[in-house]
Amino acid sequence: MADQILNKELIKPENLVYKKTKILNDNVMHYCPGCGHGTAHRLIAEVIEEMDIQSDVIGIAPVGCSVLMYNYFNIDMQEASHGRAPAVATGVKRLWPDKTVFTYQGDGDLAAIGTAETIHACNRGENITIFFINNGIYGMTGGQMAPTTLEGMKSSTTPYGRNIAMMGNPLKITELVAQLPGTCYVTRQAVHTPSSVRKTKKAIRKALEYQKKNIGTSFIEVVSNCNSGWKMPPVQANEWMEENMFPFFQLGDIKVPEED
Amino acid sequence: MAKVRGTIVVDIEKCKGCEICVGACPTSVISMSTEVNAKGYQYAYLNDPDGCTGCTNCAIVCPDGVITVYRAKVK
Amino acid sequence: MEEYKLMKGNEAIAEAAILAGTDGYFGYPITPQSEVMEYLTMEKPEERTGMVVLQAESEVASINMLYGAAGSGKKVMTSSSSPGISLMQEGISYLAGAELPCLIVNVARGGPGLGTIQPGQADYFQATKGGGHGDYHLIVLAPASVQEMADFVSMAYDLAFKYRNPVMILSDGAIGQMMEKVKFKKQQERMKTQPGWATVGKTPDREPNIITSLDLDPARHERFNIKLQKKYEKIQKEEVLFEEIACDDIDYAFVAYGTSARICQKSIELAREEGIKVGLFRPISLWPFPYKEVGKIADRLKGILSVELSAGQMVEDVRLAVNGKIKVEHYGRMGGMIPTPEEIVLALKKQIIGG
């Protein structure tokens, strides 16, 4: 029964309303079931296709779960060392000012080891776009505490919950970069529901269009899940995220260009 | 009056059974299979030919991009 | 008429960088090499050639900017001094692993740690043996004059692009700071096209270009490492550079590079006044090291004194080259101290001739 495709008569090219973008290849992504990375990848790829900028775009991959993201995109990419993607992107963009350059980084990469590169690229107002996936945990290395781990949240290095007195506070780096004059657009979005996906895609489109205008760094945080790290099934993880992550990491635009 | 009908094609072997599409479907016509694919995941499928409107919600939340959607007006 | 300019080594390397058609410079100030970026910013290379100069927030950022720019096929360089070069080691390993051509200049000072701002040659191991993690080599060139500081820039780029490998110019604070006459080559045009592997935007006629040093498949990654090693073997065969000074009819030789090689030239004069037949073997490429050539000259010598501003690093390579045939000793000063020609002659007499 499950193998049967219903309404087969509808399957005609003229009825096609959604298909995976050609900017992603057919490799099966290595992400855990339900992981937001896949959705975030796809949205970036869809915007690249819709803006028709495949031949002008250079992406910078981080170290973290998305270290192998270049295996899934049909675009030129570089793999940076841990945390240095904004510096790598700076090097590319300064010498290719007409290209579209983006980084894609997790919370450990962007907000811990790469804090200096993040802050200074944003402060210089590099005309790049930074995609920041925040799932409050180190996914790749096995669920350790991240700079964004919430107070009381359990991880493999905070097995009794994050104790602020001992381990410091969760870092809202997105609010921090919004303070810098070099950033033009700073927003926090999600990818776990159809409406959040549609909003995030619009934000990605805006960010890449601002880059074309050379008005500074555009920065999109995506609050996402880590089912394996949080030790929950995907649907439950998304519910937990809404209840616990969103009150602290509030969704919405933090900074928009004055003309808008 | 013309009615909108849709259908989805799930790339079964690439589905990881996360079930996020199930909750995203406004007409609740996606179920998870009892059988598994080659990787051992239960996969998503359309369970009711009349309920799907081709709204694409399931496809756009799918982290693995395994859902293709078709839609047409039928009389 | 040949036109000479009087310049510091650091300034000469900066001017040569503009003239070599460098596309981008990324750096961070550190003594004794800060004149490189100071000269570049003063010269407005963005107007002269369109060259980009950017002061980064750290050496870590500089080397990674270099990675990005080199990965997109541009001719790029950075410069620093010992502590800053240590900070760059991770990035240098990634550059070597991703096989990216670029130029890294180390105007070395004494260490370890913050050390001193005076000249040093104690970064030899770091420069020639890898420095960062993994099995890799930089091509390392050691200038001994302001003229060579200038000349080695375009030579370094040629080697970098020929082998898709980072190249280091290992100088020291004395050569960086000293003023000498220097003659420059003509302005070279900046590259109009990029190599086929560069990430410049995927066009429909090719697969995506990926710049990475990562491969999780051990068999494939071993094959990549073997390929790297073959490249290094080729470089060792074809790119050895050295100079022999006053080496006809000698009994002894100094082996020295950079500032030490300059001092040894005076030591040779002093020693010859005393009737000691000594010459200078100067490795110019520190990696590839001239093992064969040092081994060959050793056949007609009684002993070698390796002179370095260190506790003895290059001497290990000299010993490998000589392979026990004759006596090889090290003489050096540390902490930014520079030996006088007289004390080097004394060391030759005590450690080699008399010893």
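The values are calculated or read from the model by the stated rules, or taken from the named source; none is laboratory data. For clarity, every value in this text was computed on a predicted model and none was experimentally measured. Here the Cβ positions follow ideal geometry from the backbone for every residue, glycine too, while neighbour counts run over all protein chains shown. All accessible areas refer to the heavy atoms of the entire protein, side chains included, with ligands and DNA or RNA removed. Shrake-Rupley method; radii C 1.70, N 1.55, O 1.52, S 1.80 Å.
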If you check A:ILE128, A:ILE137, which single one turns out to be within 19 Å of A:VAL191 (Cα to Cα) and buried (at least 18 other Cβ atoms within 10 Å of the Cβ)? A:ILE137
Only one of A:ALA87, A:ALA112, A:ALA121 is closer than 24 Å to A:GLU175 by Cβ, hydrophobic (A, V, I, L, M, F, W, C) and open to solvent by 10 Å² or more (accessible area, probe 1.4 Å), namely A:ALA112
Can you run down the residue pairs with Cβ atoms below 9 Å, 6 or more apart or on separate chains, where the first is in the stretch A:26-39 and at the interface with chain B (Cβ under 7 Å from one of its Cβ atoms) and over 20 Å from A:VAL223 (Cα atoms) and the partner is buried (at least 21 other Cβ atoms within 10 Å of the Cβ) and not aromatic (Phe, Trp, Tyr)? A:VAL28/B:LYS16; A:VAL28/B:ASP64
Out of everything in the stretch A:48-68 that is buried (at least 24 other Cβ atoms within 10 Å of the Cβ) and within 13 Å of chain B (Cβ to nearest Cβ), what residue ends up being farthest from A:GLN144 (Cα to Cα)? A:SER66
Kindly indicate which of A:LYS99, A:LYS8 is open to solvent by 40 Å² or more (accessible area, probe 1.4 Å), touching a strand residue (DSSP E or B) at 6+ places or on another chain (Cβ under 9 Å) and facing another protein chain (nearest Cβ under 9 Å). A:LYS8
Determine, yes or no, whether A:VAL92 is facing chain C (nearest Cβ under 7 Å), in contact with a Ser or Thr (Cβ under 6 Å, 6 or more places away or on another chain) and open to solvent by less than 10 Å² (accessible area, probe 1.4 Å). yes
Going by the conditions given, is B:ALA44 open to solvent by less than 10 Å² (accessible area, probe 1.4 Å), more than 7 Å from chain A (Cβ to nearest Cβ) and closer than 21 Å to A:ARG42 by Cα? yes
Could you tell me whether B:ALA72 is facing chain A (nearest Cβ under 7 Å) and closer than 22 Å to A:ALA190 by Cα? no
Testing C:ASP251 on (1) surrounded by 14 or more Cβ atoms within 10 Å (Cβ to Cβ); (2) over 27 Å from the mean Cα position of the chain (by Cα); (3) closer than 29 Å to C:GLY24 by Cβ, one condition comes back false. Which one is that? (3)
I need every pair where a residue in the stretch C:43-63 that is modelled with pLDDT under 95 has its Cβ under 7 Å from the Cβ of a residue that is of a type in the set (A, V, I, L, M, F, W, C), sequence separation at least 6 or different chains. none
Those strands (runs of 3 or more DSSP E) completely within the stretch C:20-124 that have 1 or more residues that are out of contact with any Lys or Arg (no Cβ under 6 Å at 6 or more places or on another chain) and crowded, with 24+ Cβ neighbours inside 10 Å are C:24-27, C:76-80, C:102-108
Looking at the structure I just gave you, is B:VAL10 touching a residue at least 12 places away in the same chain (Cβ under 8 Å), within 9 Å of chain A (Cβ to nearest Cβ), of a type in the set (Val, Ile, Thr) and open to solvent by 40 Å² or more (accessible area, probe 1.4 Å)? no
Considering only the stretch A:13-47, state which residues are open to solvent by less than 40 Å² (accessible area, probe 1.4 Å) and of a type in the set (D, E, K, R). A:ARG42, A:GLU46
I'd like to check which strands (runs of 3 or more DSSP E) are fully inside chain B and have at least 2 residues that are of a type in the set (Ser, Thr, Tyr). B:30-36, B:42-46, B:67-74
Can you tell me which residues in the stretch B:18-35 are open to solvent by less than 80 Å² (accessible area, probe 1.4 Å) and more than 7 Å from chain A (Cβ to nearest Cβ)? B:CYS21, B:VAL22, B:CYS25, B:THR27, B:VAL29, B:ILE30, B:SER31, B:MET32
Single condition C:LEU216 does not satisfy, out of (1) on the phi > 0 side of the Ramachandran plot; (2) within 14 Å of chain A (Cβ to nearest Cβ): (1)
Just to be sure before I move on: is A:ALA190 open to solvent by less than 60 Å² (accessible area, probe 1.4 Å), modelled with pLDDT of 95 or more and of a type outside the set (Val, Ile, Thr) in the structure I sent? yes
Would you please name the residue that is most open to solvent (accessible area, probe 1.4 Å), looking only at residues in the stretch A:222-235 that are assigned to a helix (DSSP H, G or I) and more than 10 Å from chain B (Cβ to nearest Cβ)? A:SER228
Looking only at the stretch C:193-212, how many residues end up being among the polar types (S, T, N, Q) and at the interface with chain A (Cβ under 7 Å from one of its Cβ atoms)? 4
Could you say which residue among C:ALA219, C:ALA256, C:ALA246, C:ALA174 is open to solvent by 40 Å² or more (accessible area, probe 1.4 Å), within 30 Å of C:GLY295 (Cβ to Cβ) and among the small types (Gly, Ala, Ser)? C:ALA246
